[in-house]
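Single-structure report; data block below.
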Amino acid sequence: MVKGFRSLVKLKDDGLEIRKVDKIAGGLHPLDAQFPWNRLRDYVDRCVKRQRSLRIPEGLDRLLTVFIISHPQELKDVAVAACAHALSTETTLTLLNGHLRFGSTDFEALPVFIQILMAINHVNPAVISNEEAKLARNLFPLLALRMFDSGRMLQSLSTLYHTGIPLSSHLATHIEALAEQAAQKLSCQLEAIAATSSWMVAYRLCSWLAILPEHFESAKSGLHSLKSILDRSFPDWQAWSAWKPNQQDILMYEKKLGNAEHIALQDILALEGPDLASGGYTTLREGYIDMMSVTETTYFRNKKLEIELSTCGGDSARQALSSLSSALRIAATVKTSTNNCRMELFRQICIGKPIHEDGLKILEHCFSIGLPLVINDTNVFLQHYEMRSLPPMRNFQSLITALDTNGKISASPYQKLRELLGPKILETVDRMLESRLQVIQSIINVERAWTNHDLGVFEEMQSFGEVLLGTSWIMISASPDTKAILRQWPVVAEIGYCYDLYAFTFSDQAEGRKALAKKLARYLVGRFSQSGSLVVDEVHLVETLIEIWRKGPKQSQRRLAVALAGADLGVDVKFRCIAFVPSLESNLVSSLLSAITKNTFTQPEEASIVLAHSLASSHDVSIIRAFRPILFEMVQSQGEGLLTYTLENLGVSAWVTLAQQIETIFENSISGDMITTTPSLHPELLNWACRLWKDLDLLKRLERSKPMQHGSAMQCIIRGGSPSLQSDLVRIFDVLSSTFDSSRLEALHAVTAQLAADGGNVALILKAMPVITVTTLSGAEACVQVIECYEEAQIEVAETILWVWYNSSDLMPNDKLALEMIAEVLGLYGFDSPSFESLIATERHLQEEYTALLKEARRLEGLRLAFKSLDPKSTTDMLNSLGVEDSSPLDEIFDSIPTDLINVVERIGENEVELQIPLSNITALQKRAMGSGTAQSLLVRLVLENGLPPGFCMHFDNETEEIANSSGHFPWIALAESGDPIQPYCHGATTLATYQMSRLLSRHLVKNGFSTIQDIYTLIATEITALGSRCVVCGRKQNAPLRRAAVCPDDACQQIFDGSSLDVRLSDVRNDPAVTDLLLTMIYTIACSGTLNLLPGLPIWDAPAVKEIINALPPIAQLQHLDSLGAILSSLDKVRGSGNQTAKLLSWTCSNYRGFLTSATDTLKIPSLPGAHQFMLASAAPELEHNFAKKVGNGTTRVMFHGTSYERLYPILRGGLKDLSGTTLQRHGHSFGNGIYLASDPQTAFGFATGGVSSWTGSNFSNYRVLLGVELAGTWSPTSANSTIHVVTDPACVMVRYVFLVPSNATMPLVQHVTPAMSSVYASLRSGAI
């Protein structure tokens, strides 16, 4: 061999070199058509000829063998092609069986080996025959299929086996190894496909297997070898070869069924697959049919598919399975424009529960009818019936009406469907009536005003009964009790009338009205049930009122009718008066209504006066006679109260007028009994009142005088009493009417005011009055002052004042005589020198007068401050006009401002100051959470006035122009009674941050009051950096590192937050429309999947309604800059005919997960994910963040990934990733045990991300797959050394941070291209850098 190598070296020196041979080949190989056979041969021959020492063939063989062996592995075929013609046959065979031979499983070297065989055949067919060369040529192109198409590979190899493979072939063992590998791969591939029932894919792979059994019967040894390989490596090949599916069906399922539908239906679709159980039938369906024929069972199960039949045997099974397939075929192919209602009904009946023949018949008849409305209503009904809940009224009524065959051209499928659903519907009708009646009863049992929602309940109940009445088959089949209830059913107008009547009655809190409200409630319940609690008079009363409502009188007439109905009157009087109501004139109606209302509200005296005036002004005697019993009952119930009330509150003029009116109303009908029981109707009293009419002007002046404000003089004058007293009173009137001097007249008024109620001192007063008329002005003044002190102070004070005046040198004898008369009237004895005690009492009285003046001054100062809080400028102008000095509290406050705050505090007005709090210490992510936009600072305006609580408003500096264009600021006044601000109180947009900060500042000012500007500035500057850590409503600290504030778990806080403005609740609509779009997509897909149980607390528990509401929304970007979100959302609800459901659903969607999801932009965006929409969960719910922070501690975290779907995303955001292994919510199995399955490689997780789901109409996120970026705490090992899968059993260690929406056909980047960037973001979040 040494010699051989030396010769080889010499050969190289003479020109035979490996690189020259390869250069001549030019990269071509023996199987290439342009391969240079001759040039290679000539080159080798020339090189050999130069070696004269090579005289024997053995030497040449040895040297060429070394040359071939020295060639690189991948180019040995070129070396053989160049040298084989010069090699002996023996040497060629030795090489083939030695150095050139590769292992049968060395598939990478097999292409070179085939090229070698072709090269040898080309120059020496004796070594490699043409037959074997043909086999090699046929095998070579198949090698390309080995890695990616095992089905075609095995099919092609079977063809080679069928044509025959010589046992002596150099390729025999290689072909057998290839066949074994292909069979194993195909077996695994088909097994995986069978697990998902993707039959069209499977059929394309293995349909050729059907020819193998026939070929095996040809008894060729090669095929026997292939059969052994299949039996060993592909045990189920015979079942797959026997499989003969309906190709049209499986192709249709592939095209029509979405990914989610295919997963849900895979156990049913398995019937179309091969019979892998016994292997003897064309499909699994046929296998089950035969099994049920043999075993005579009525039940069979395939994984989650269960079928229960009424009779055993193959025919029943075949019929049931045929019906099942037919229904699935229709459900998959016939779709409506909005949703596949047929598929939803099919899934309702056939998925997750045993399939019965009745269910299959329901599908058959529903699909035969073909109307989406009927199909959808049936689906909704069955869903609720199975859960023993009541279906939505709208769907239920629609179904009942649809199943009424009257007038239908083709009634057969409707009739058959009714026969199947009828018993369930009748049962539900009874439960629905009972349930709705309970709801109505619960509304009625609570004493409160009925709302529009309550009216909706009543009208819904009425409409339901009306539908039942109009449905012939219901009235035929219903129970006797139900029929009896429906026969007395109210019409819709009655409901509206009862509602209006109740509103009229309940708005009035009088007992009589409350009683009427209860009668209305009982009447309504009685019409909806057979309660038997109705009283004939109550029914007659309510029906009378309804009739008045039906005639459509004016609102005031309706109110009067209700007031009369609720009044405490006799039945005859009540009905007689109500009968007159429609014919009464408006002014009389108003007056009567006012009278009856006042009487009802414990104001009987005023009510009597109003009613008397109303009746007296009427010219219709019949009306007066109808209503005067009411007036009599009013007056009678008061005794002397009417007269007393008139005197104390209305005066003499009103009493005189009232007396005249009473005489007009009652004419001569007042009998003795009436006089005895009703003093105000006594004839002598009424006659004296008519006498007073003559001096009415005098009496009115007397009544207005200050002295007459005290005592009982006016009662004595009005009552009159005996004829002698009346005569004395007339004399008093004469004296008063003949006196014109104001001072003396004031003194006369003062002494007249001392009349006793019974007139017992009238003689003394008559004695004093002539003397007073001749006093001087000073004497008259002295008389008045003595009387005033007598009335307002102690007796000794009055006597002291009397003594002072009596001994005054300014008084004349007549004046002193008048004082003596006054002293006699008052019973004073003050003509002796007063005692020391009297002087002390007088001094104390004067001091009290002074104190009262100071108190009044303080009261006026309080009024000044109150007026200034409402209208500062006008109040200041008024004070200036009066010469009163006005000051501001800010003068002293500004003198004490620290120098470091001078540049951030500005005085805006006389009582207003503005603080500028910079946002420079807040991260960009926190600003996005606050909704501050481009703002650089927060402006807080304080309003500070003496004696008033402080006020404030706050705005970001980027909205100053909007504020400037408005009509000024409207500060929030920090009053304990007002609570904290909930709704906007000033101009400009309210953001989540200004809402939260306003409540925080209000609480501080109410609790602590205003101290200094520095304290307020420090409070706001500190709190604004930590808003995320507090409850947005109550301010309670949430022990978690949050970027945006959330509502704490307290239900009261959630209720308050729900009452805030839409700009606060829907901040993401303004600041991040893409997030709102994504959140709505999550809710929408859950509604489409019918799994609303994943959203506890959702305000609308009706999946079709949820979809309808969301689809009615415009694209969120169009809502972003609207001035009023409420207006557009209300208009959408108005179109739908619903309440504020859109705002409720949108608010719940944006806030219920209690986190902060934001579009990942700038430094948050992860590179290497082109085409993906990226979102970051900067804060999860506070509880989740708290638990995760405890797990992280001072350690580090890792980047993980998790694939999921849209319909699971919202529950994940709200509650985090959970261990659902072994539950009904498990989706992909738990091969490595229970836990949360994560992957360190995004490609692995992406394989579990489902997609292909359409979003709502205005969304940008249809047909994306959902990949989550996860932050993992703790030490968790992969499932195996080479695996990227991790199973985490502690949910607190897992935190979702990124949501990637990835196109379905996207290719995932390498892990090293995304992990560093994500890990950096995670670290920045934990440190607070972002």
Subset tally (residues that are part of a helix (DSSP H, G or I) and either at pLDDT 85 or above or open to solvent by less than 60 Å² (accessible area, probe 1.4 Å) (or both)) for the stretch 305-322: 8
The stretch 1053-1099, subset within 24 Å of Ala260 (Cα to Cα) and not in a helix (DSSP H, G or I), residue most open to solvent (accessible area, probe 1.4 Å): Pro1096
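Give me the residue from the stretch 187-244 that is charged (D, E, K, R) and not in a helix (DSSP H, G or I) and, out of that set, modelled with the lowest pLDDT.
Among residues in the stretch 187-244 that are charged (D, E, K, R) and not in a helix (DSSP H, G or I), the one modelled with the lowest pLDDT is Lys220.
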Conditions (1) open to solvent by 30 Å² or more (accessible area, probe 1.4 Å); (2) more than 22 Å from Gly1171 (Cα to Cα); (3) in contact with a His (Cβ under 8 Å, 6 or more places away or on another chain); (4) at pLDDT 90 or above; number of the one not met by Gly1222: (4)
Members of the stretch 1293-1315 that are more than 13 Å from Pro1242 (Cβ to Cβ) and surrounded by fewer than 18 Cβ atoms within 10 Å (Cβ to Cβ): Pro1303, Ser1304, Asn1305
Exclusive hit being of a type outside the set (D, E, K, R), open to solvent by less than 10 Å² (accessible area, probe 1.4 Å) and more than 29 Å from Thr1149 (Cβ to Cβ), set Gly1235, Gly1195, Gly1274: Gly1235
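If I filter the stretch 1010-1037 down to residues being open to solvent by 20 Å² or more (accessible area, probe 1.4 Å) and in a loop (DSSP other than H, G, I, E, B), which single residue comes out as farthest from Ala974 (Cα to Cα)?
Arg1036
Can you find a residue in the stretch 574-590 that is among the small types (Gly, Ala, Ser) and under 22 Å from Glu667 (Cα atoms)? If you could, list the steps in order and put the result at the bottom.
Initial filter on the stretch 574-590 (among the small types (Gly, Ala, Ser)): 579, 583, 586, 590.
Restricting the remaining residues to those that are under 22 Å from Glu667 (Cα atoms) gives none.
No, the stretch 574-590 has no match at all.
Is it the case, given these coordinates, that Glu344 is under 26 Å from Tyr1084 (Cα atoms) and either in contact with a helix residue (DSSP H, G or I) (Cβ under 6 Å, 6 or more places away or on another chain) or modelled with pLDDT of 90 or more (or both)?
Numbers: under 26 Å from Tyr1084 (Cα atoms): yes; either in contact with a helix residue (DSSP H, G or I) (Cβ under 6 Å, 6 or more places away or on another chain) or modelled with pLDDT of 90 or more (or both): yes.
Against the criterion (under 26 Å from Tyr1084 (Cα atoms) and either in contact with a helix residue (DSSP H, G or I) (Cβ under 6 Å, 6 or more places away or on another chain) or modelled with pLDDT of 90 or more (or both)), Glu344 qualifies.
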Identity of the residue in the stretch 908-918, of a type outside the set (A, V, I, L, M) and closer than 16 Å to Thr1012 by Cα, that ends up least open to solvent (accessible area, probe 1.4 Å): Asn911
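Here is a yes/no grid of residues against (1) over 18 Å from Ala768 (Cβ atoms); (2) small (Gly, Ala, Ser); (3) in contact with a helix residue (DSSP H, G or I) (Cβ under 8 Å, 6 or more places away or on another chain):
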{"site": "Trp693", "(1), (2), (3)": "yes, no, yes"}
{"site": "Asp697", "(1), (2), (3)": "yes, no, no"}
{"site": "Lys700", "(1), (2), (3)": "yes, no, yes"}
{"site": "Leu725", "(1), (2), (3)": "no, no, yes"}
{"site": "Phe733", "(1), (2), (3)": "no, no, yes"}
{"site": "Ala747", "(1), (2), (3)": "no, yes, yes"}
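Which members of the stretch 436-455 meet the condition of being surrounded by fewer than 14 Cβ atoms within 10 Å (Cβ to Cβ) and part of a helix (DSSP H, G or I)? Full working, then the answer.
The initial filter retains those residues of the stretch 436-455 that are surrounded by fewer than 14 Cβ atoms within 10 Å (Cβ to Cβ), namely 438, 442, 445-449, 451-453.
Residues satisfying the conditions are Gln438, Ser442, Asn445, Asn452, His453.
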Subset of the stretch 706-724 [hydrophobic (A, V, I, L, M, F, W, C) and under 15 Å from Ala689 (Cβ atoms)]: Met714, Cys716, Ile717, Ile718
Gly470, sole failed condition from (1) at pLDDT 85 or above; (2) closer than 15 Å to Ala521 by Cα: (2)
Looking only at the stretch 528-549, and only at residues there that are modelled with pLDDT of 80 or more and open to solvent by 40 Å² or more (accessible area, probe 1.4 Å), the one that is nearest to Leu486 (Cα to Cα): Glu543
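One line per residue, one yes/no per condition, for (1) under 23 Å from Ala242 (Cα atoms); (2) open to solvent by 30 Å² or more (accessible area, probe 1.4 Å); (3) outside any strand (DSSP E or B); (4) in contact (Cβ under 8 Å) with a residue 24 or more places away in the chain:
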site: Asp267; (1), (2), (3), (4): yes, no, yes, yes
site: Gly279; (1), (2), (3), (4): yes, no, yes, yes
site: Asp290; (1), (2), (3), (4): yes, yes, yes, yes
site: Met343; (1), (2), (3), (4): no, no, yes, yes
site: Gly352; (1), (2), (3), (4): no, yes, yes, yes
Checking Met708 against (1) surrounded by fewer than 16 Cβ atoms within 10 Å (Cβ to Cβ); (2) modelled with pLDDT under 85; (3) not acidic (Asp, Glu), the condition it does not meet: (1)
Checklist (1) modelled with pLDDT under 85; (2) open to solvent by 20 Å² or more (accessible area, probe 1.4 Å); (3) within 19 Å of Asp1015 (Cα to Cα) applied to Ile973, failing item: (1)
Residue count for the stretch 163-174, restricted to those that are closer than 12 Å to Leu135 by Cα, touching a residue at least 60 places away in the same chain (Cβ under 8 Å) and surrounded by fewer than 20 Cβ atoms within 10 Å (Cβ to Cβ): 0
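Would you call Thr378 within 30 Å of Arg436 (Cβ to Cβ) and either of a type in the set (S, T, N, Q) or touching a Gly at 6+ places or on another chain (Cβ under 9 Å) (or both)?
Values: within 30 Å of Arg436 (Cβ to Cβ): yes; either of a type in the set (S, T, N, Q) or touching a Gly at 6+ places or on another chain (Cβ under 9 Å) (or both): yes.
Yes: the conditions hold for Thr378.
Using the structure shown, decide if Leu1113 is surrounded by 15 or more Cβ atoms within 10 Å (Cβ to Cβ) and more than 22 Å from Gly1090 (Cα to Cα).
Values: surrounded by 15 or more Cβ atoms within 10 Å (Cβ to Cβ): yes; more than 22 Å from Gly1090 (Cα to Cα): no.
Considered against the rule, which asks whether it is surrounded by 15 or more Cβ atoms within 10 Å (Cβ to Cβ) and more than 22 Å from Gly1090 (Cα to Cα), Leu1113 comes out as no.
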Filtered residues of the stretch 463-485 (kept if without any contact (Cβ under 8 Å) to a residue 60 or more places away in the chain, buried (at least 18 other Cβ atoms within 10 Å of the Cβ) and not β-branched (Val, Ile, Thr)): Ala478
Unmet requirement for Trp1148, which otherwise passes all of (1) open to solvent by 20 Å² or more (accessible area, probe 1.4 Å); (2) over 30 Å from Ile1109 (Cα atoms); (3) aromatic (Phe, Trp, Tyr): (2)
Conditions (1) open to solvent by less than 40 Å² (accessible area, probe 1.4 Å); (2) more than 47 Å from the chain's Cα centre (by Cα); (3) modelled with pLDDT of 80 or more: number failed by Val905: (2)
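Out of all the residues in the stretch 908-936, which are of a type in the set (Gly, Ala, Ser) and under 32 Å from the mean Cα position of the chain (by Cα)? It would help to see each step written out before you state the result.
First, the residues of the stretch 908-936 that are of a type in the set (Gly, Ala, Ser): 909, 920, 924, 929, 931-933, 935.
Ala924, Ala929, Gly931, Ser932, Gly933, Ala935 - these are the residues of the stretch 908-936 that are of a type in the set (Gly, Ala, Ser) and under 32 Å from the mean Cα position of the chain (by Cα).
For the stretch 354-430, which helices (runs of 4 or more DSSP H) that fit wholly inside it have 1 or more residues that are in contact (Cβ under 8 Å) with a residue 12 or more places away in the chain and among the basic types (Lys, Arg)? Working first, answer last.
Values: elements: 357-369, 372-386, 393-402.
Helices (runs of 4 or more DSSP H) meeting the threshold: 357-369.
For the stretch 767-784, give me the residue count where each residue is surrounded by 16 or more Cβ atoms within 10 Å (Cβ to Cβ) and of a type outside the set (Val, Ile, Thr).
So the count comes out to 7.
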The one condition in (1) at pLDDT below 85; (2) under 21 Å from Thr1158 (Cβ atoms) that Ile1128 fails to fulfil: (2)
Residue check for Arg1003: part of a helix (DSSP H, G or I), surrounded by fewer than 17 Cβ atoms within 10 Å (Cβ to Cβ) and under 31 Å from the mean Cα position of the chain (by Cα): yes
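The values are calculated or read from the model by the stated rules, or taken from the named source; none is laboratory data. What you see is a predicted model; the values in this text were computed from it and never measured. FYI the Cβ positions are ideal-geometry reconstructions off the backbone, even for glycines, and counts take in every protein chain you see. Surface accessibility is based on the protein's heavy atoms, side chains included, excluding ligands, DNA and RNA. Shrake-Rupley method; radii C 1.70, N 1.55, O 1.52, S 1.80 Å.
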